[in-house]
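The values are calculated or read from the model by the stated rules, or taken from the named source; none is laboratory data. These figures come from a predicted structure and were not determined experimentally. Positions of Cβ are generated from backbone atoms using ideal geometry, with glycine treated the same way; all protein chains shown enter the neighbour counts.
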Amino acid sequence: MTRGYDGDGNRPLIRDPAGNTTRFDDYTPFGQPRLTTLPTESTIHTTFDDRSGLPLRRTSDLTAGRMVPLRSIEQWKYDDIGNCLHHRVWAEDIDGRLSTPVQIEEFDYESNSIS
């Protein structure tokens, strides 16, 4: 893999041995890319919490091998100290219509259980 870094120590891209390039853009102060462009030109957009740097929402294009493109969406919700309380995953079409059931994980740290 070829790696390089910008002036802030963030890598703008990585290139695998086959020459495929993944690009990273719009970094947070925590050094996390808000935009990732894959070798297929599909993109991943991630929104992070400004204070903690934790991910809040990630949207990925699902286009490879599909007649109808979809978007995969993940959302996270945290408590005041950064423990994940809810993680939701679903897919929707480009018009925002739900295409899959919403998968929800809820975490209860008081009873040490995951539902």
All positions within the stretch 12-39 that are at positive phi and part of a loop (DSSP other than H, G, I, E, B): GLY19, GLY31
Top-ranked residue of the stretch 1-45 - restricted to ones that are more than 13 Å from the chain's Cα centre (by Cα) and among the β-branched types (Val, Ile, Thr), ranked as surrounded by the most Cβ atoms within 10 Å (Cβ to Cβ): THR22
Residue within the stretch 33-49 that is among the hydroxyl-bearing types (Ser, Thr, Tyr) and farther than 26 Å from ARG15 by Cβ present: yes
Check on ARG51, at pLDDT 95 or above and not hydrophobic (A, V, I, L, M, F, W, C): no
Qualifying residue in the stretch 46-58 (condition: touching a Lys or Arg at 6+ places or on another chain (Cβ under 9 Å), surrounded by 15 or more Cβ atoms within 10 Å (Cβ to Cβ) and among the hydrophobic types (A, V, I, L, M, F, W, C)): yes
